[in-house]
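Student: First, the structure itself, so that you have it in front of you.
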Amino acid sequence: RTRYIQTELGFHERLFVAVLTSKATLNTLAVAVNKTVAHHFPHLLYFTGLRSAKVPPGMVLVAHGDERPIWLMYETVHYIHQHFGSDYDWFYVMQDDTYAQAEQVKALVTHLSINQDVYLGRAEEFIGGDEQARYCHGGFGYLISRSLLLKLHPHLDSCRNEILSVRPDEWLGRCIIDFLGITCVSQLQGQHYHTYELAKNTEPEKEEEEEFQAALAVHPVSDMTLMYRLHKRFSRIQLDKAYQEIQDLQMQIRNLTSLTPAGEAGLTWPVGINAPFLPKSRFEVISWDYFTEQHLFSCPDGSPKCELSGASKADVSEIIESALEQLNSRYQPLLRFSKRQLLNGYRRFDPTRGMEYTLDLLLEAVTQKGHSHVLAKRVSLVRPLSKVEIIPMPYVTEATRVQLVLPLTVQDLDFVANFLDMFAMNTLDTHDNALLTLLFIYHPYDAQRVSQVDVFAGVKAMVGELEKRYAEVKIPWISVKTEVPSQVKLMDIVSKKHPVDALFFLASVWTEINMEFLNRCRMNTISNWQVFFPVHFQEFNPALVYRGEQTASSSTDFLRDGHFDRHSFAEACFYNSDYMTARTKLAADILDRDEVLESMEVFDVFLHYSGLHLFRAVEPGLVQKYALRSCNPRLSEELYHRCVLSNLEGLASRSHLAMALFEQEQANST
């Protein structure tokens, strides 16, 4: 895992950004910075001298409680060293009236050596000071290396007591010069820190100067609107540069293709994008999905036709607009196209290059003289895969205790012994940090006779034997009486009897617990962020697969004769706090209609009422032996249907079923 590798090898994050703000600009310029460039930086914090300031949404604010400028700078540098000094290589300090080109700043630090003491920014002379000494102007931002920060920190208190200055940036520059002998520079290791000073009433849209376009930082930004206009202008500049670079690269590719063995025939479309995936067999053919402007004919739930909505509708609208834009840019001013109708639409996702589209458009073409003509045109488009982005995730460890919850009905009694044996062998013997709670689900008839005949007496005896064998282990159980064992209702009972921060693993009696899966449960479940619903591997019926032959015992092919059961949502990993939050929202939605809970599973609660990430993935660490599940007809039609499908698809593969039918027909014919 990346976090562990990074820690062990002593790697640091690249760039930390500190934004200095004030009472007057916290809700204006600071918010504008947050909405324009903040999400382009890996880690950004806002620092203010306010005491108990109200933080605008989406911002992380550090309040020092003293608005004196020098004190704010001192506390900010001290805070950065204390909390981030050992984690980052570079520290960029800017004011909230500065517009910084985030991508340019990030590119700058990648070209600088981290082994030098760097104080880089717009170098300014001290008023009445040494002509050789320079400080970095705070309005244009400045870059400090980790090595410089570590050397500077021991002298901060002396600087605060001995150096008098009105400007915080000048105070910091004087501190660095007096105690470290390092002056601010605007050029280092062949890299230039370009800046641009805005004049009053500047129109960013009309700025064409090379100095403006090359600037990493622009100052002063007087209001929010100007910040947004600058961001729009610089985004357009960077976009135009990117398009021009793409055109130049495509031209180079065309020129070089003729020199390759394949010649011009080897040129792919679009130029520079990977060639389409070539299937080696019919099983690898990527199918096309058909759509119109209103409907999709390949639906996630398997239905033949569904309404086009959400992201899919936005995708189709955008791709049609892009097709018209490309046609008009190619044929104008001779022809101008407008869309009449989308006749046919096809799309497929090619993992080697991206999403491919083929559109049959009914267009109206208008000439320069005003004559119009309706024609049908087929166009092909590709939305290529862009740069891979690593999504930041909260940090979790494998030390978390897992609370296993095992619901049991009378139909499950034959499988309990194997479950408890595997639990003892893989968790108790290995001293894994895992506990078990049993949930006995009594039918009302069995509950009335429990004093005479307890259907779970055998299980309770097994639990007693385990507790004797492992003196430090206690396995509690909870008894519930119900005709309809709703997963949500059962989880409500368990949730109230455990701490809020408990990590639950909701298991089934066929689950074979092992340390590998428990660790994945810990790593894939993140409090207030993500829940994990593994898809277990279900072995096929050995009577149909092997037909009297010896079963495969090799550990290398244990995933061969079975399938991942996508119809089952019985196993789940989640935190109690997340469940309680989602359950509260569900209760407010359904009011007192408890019968609705019988048609829901825990998965549905998180899907519709949590807002968390739902991680649903195949889990080779959860292997279940074949068993015919009992499907409760009193549950909702959907849950019952899913249970039946799980049983049917778990019998055997198509080839095994075909062979069994063939052998049966042969036996009947003889």
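Student: If you take the residues in the stretch 318-340 that are surrounded by fewer than 13 Cβ atoms within 10 Å (Cβ to Cβ) and not acidic (Asp, Glu), which one is farthest from residue 388 (Cα to Cα)?
Tutor: Per the criteria, the residue is 334.
Student: Follow-up question, since we're still on this one. Regarding residue 210, is this residue without any contact (Cβ under 8 Å) to a residue 12 or more places away in the chain and assigned by the TED database to the domain that holds residue 94? Spell out how you get there, then give the answer.
Tutor: Values: without any contact (Cβ under 8 Å) to a residue 12 or more places away in the chain: yes; assigned by the TED database to the domain that holds residue 94: yes.
The answer is yes for residue 210.
Student: If you take the residues in the stretch 512-542 that are part of a helix (DSSP H, G or I) and open to solvent by 10 Å² or more (accessible area, probe 1.4 Å), which one is modelled with the lowest pLDDT? Reasoning before the result, please.
Tutor: Residues of the stretch 512-542 that are part of a helix (DSSP H, G or I), as a first pass: 515-524, 542.
The next check asks that each one be open to solvent by 10 Å² or more (accessible area, probe 1.4 Å); those that pass are 515-516, 519-520, 523-524, 542.
On the way: 515: 89, 516: 90, 519: 91, 520: 90, 523: 90, 524: 91, 542: 86.
In this case the residue turns out to be 542.
Student: Also, quick follow-up: What number goes with the only condition from (1) touching a residue at least 60 places away in the same chain (Cβ under 8 Å); (2) surrounded by fewer than 17 Cβ atoms within 10 Å (Cβ to Cβ); (3) touching a helix residue (DSSP H, G or I) at 6+ places or on another chain (Cβ under 9 Å) that residue 232 does not pass?
Tutor: Among (1) touching a residue at least 60 places away in the same chain (Cβ under 8 Å); (2) surrounded by fewer than 17 Cβ atoms within 10 Å (Cβ to Cβ); (3) touching a helix residue (DSSP H, G or I) at 6+ places or on another chain (Cβ under 9 Å), residue 232 violates only (1).
Student: Output the residues belonging to the stretch 355-380 that are among the hydroxyl-bearing types (Ser, Thr, Tyr), under 16 Å from residue 332 (Cβ atoms) and in contact with a Leu (Cβ under 7 Å, 6 or more places away or on another chain). Explain how you work it out, then say what you get.
Tutor: Initial filter on the stretch 355-380 (among the hydroxyl-bearing types (Ser, Thr, Tyr)): 357-358, 367, 372, 380.
Then keep just the ones that are under 16 Å from residue 332 (Cβ atoms); that gives 367, 372.
367 - this is the single residue of the stretch 355-380 that is among the hydroxyl-bearing types (Ser, Thr, Tyr), under 16 Å from residue 332 (Cβ atoms) and in contact with a Leu (Cβ under 7 Å, 6 or more places away or on another chain).
Student: Another question, if that's okay. Among the residues of the stretch 570-615, which ones are out of contact with any strand residue (DSSP E or B) (no Cβ under 9 Å at 6 or more places or on another chain) and closer than 19 Å to residue 523 by Cα?
Tutor: Across the stretch 570-615, the qualifying residue is only 577.
Student: Still on this structure: State whether the residues of the stretch 202-215 include one that is touching a strand residue (DSSP E or B) at 6+ places or on another chain (Cβ under 7 Å), assigned to a strand (DSSP E or B) and at pLDDT below 95.
Tutor: If we filter the stretch 202-215 for residues that are touching a strand residue (DSSP E or B) at 6+ places or on another chain (Cβ under 7 Å), which is where we start, we get 211-212, 215.
Those left that are additionally assigned to a strand (DSSP E or B): none.
For the stretch 202-215, residues touching a strand residue (DSSP E or B) at 6+ places or on another chain (Cβ under 7 Å), assigned to a strand (DSSP E or B) and at pLDDT below 95: absent.
Student: A follow-up question, please. Given the conditions (1) within 27 Å of residue 285 (Cα to Cα); (2) open to solvent by 30 Å² or more (accessible area, probe 1.4 Å); (3) under 35 Å from the mean Cα position of the chain (by Cα), and given that residue 392 satisfies all but one, which numbered condition is not satisfied?
Tutor: That leaves (1) as the condition not met.
Student: Let me confirm something: among 622, 651, which residue is touching a residue at least 40 places away in the same chain (Cβ under 8 Å) and more than 34 Å from the chain's Cα centre (by Cα)?
Tutor: Working: 622 fails: more than 34 Å from the chain's Cα centre (by Cα).
The conditions single out 651.
Student: Let me ask something else. Just to be sure before I move on: is residue 587 within 19 Å of residue 498 (Cβ to Cβ), buried (at least 20 other Cβ atoms within 10 Å of the Cβ), in the same structural domain as residue 535 (by the TED database) and not hydroxyl-bearing (Ser, Thr, Tyr) in the structure I sent? Before the answer, list the steps.
Tutor: Numbers: within 19 Å of residue 498 (Cβ to Cβ): yes; buried (at least 20 other Cβ atoms within 10 Å of the Cβ): no; in the same structural domain as residue 535 (by the TED database): yes; not hydroxyl-bearing (Ser, Thr, Tyr): yes.
No.
Yes/no matrix, rows are residues, columns are (1) in contact with a strand residue (DSSP E or B) (Cβ under 6 Å, 6 or more places away or on another chain); (2) touching a residue at least 40 places away in the same chain (Cβ under 8 Å); (3) within 20 Å of residue 94 (Cα to Cα):
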site	(1), (2), (3)
159	no, yes, no
163	no, no, no
179	no, no, no
183	yes, yes, yes
189	no, yes, no
194	no, no, yes
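Student: Go over the candidates 646, 655 one by one and state the one that is part of a helix (DSSP H, G or I) and surrounded by 15 or more Cβ atoms within 10 Å (Cβ to Cβ). Show your work before the answer.
Tutor: Working: 655 fails: surrounded by 15 or more Cβ atoms within 10 Å (Cβ to Cβ).
One residue alone meets the criteria, 646.
Student: Just to be sure I understand, how many residues within the stretch 47-90 are closer than 30 Å to residue 113 by Cβ and of a type in the set (S, T, N, Q)?
Tutor: Residues meeting the conditions: 3.
Student: For the stretch 113-132, which residues satisfy the criterion of being open to solvent by 10 Å² or more (accessible area, probe 1.4 Å) and either of a type in the set (A, V, I, L, M, F, W, C) or outside any loop (DSSP other than H, G, I, E, B) (or both)? Break it down into steps so the answer makes sense when it comes.
Tutor: Initial filter on the stretch 113-132 (open to solvent by 10 Å² or more (accessible area, probe 1.4 Å)): 113-117, 122-132.
Across the stretch 113-132, the qualifying residues are 114, 123, 124, 125, 126, 127.
Student: Out of the residues in the stretch 479-511 meeting the condition of being farther than 25 Å from residue 622 by Cα and hydrophobic (A, V, I, L, M, F, W, C), tell me which one is most open to solvent (accessible area, probe 1.4 Å).
Tutor: Within the stretch 479-511, the match that is most open to solvent (accessible area, probe 1.4 Å) is 500.
Student: Which members of the stretch 404-441 meet the condition of being open to solvent by 30 Å² or more (accessible area, probe 1.4 Å), assigned to a helix (DSSP H, G or I) and either modelled with pLDDT of 95 or more or not aliphatic (A, V, I, L, M) (or both)?
Tutor: 411, 414, 415, 418, 421, 426
Student: Then there's this: Suppose the filter is of a type in the set (A, V, I, L, M), buried (at least 18 other Cβ atoms within 10 Å of the Cβ) and part of a helix (DSSP H, G or I); does residue 623 pass it? Write out each step before concluding.
Tutor: Numbers: of a type in the set (A, V, I, L, M): yes; buried (at least 18 other Cβ atoms within 10 Å of the Cβ): yes; part of a helix (DSSP H, G or I): no.
In short, no.
The values are calculated or read from the model by the stated rules, or taken from the named source; none is laboratory data. No experiment lies behind these values; they were computed from the predicted model shown. Note that each Cβ is placed from the backbone with ideal geometry, even for glycine, and that neighbours are counted across all protein chains shown. When the accessible area is computed, the model is the full protein with side chains, heavy atoms only, and any ligands, DNA or RNA have been set aside. Shrake-Rupley method; radii C 1.70, N 1.55, O 1.52, S 1.80 Å.
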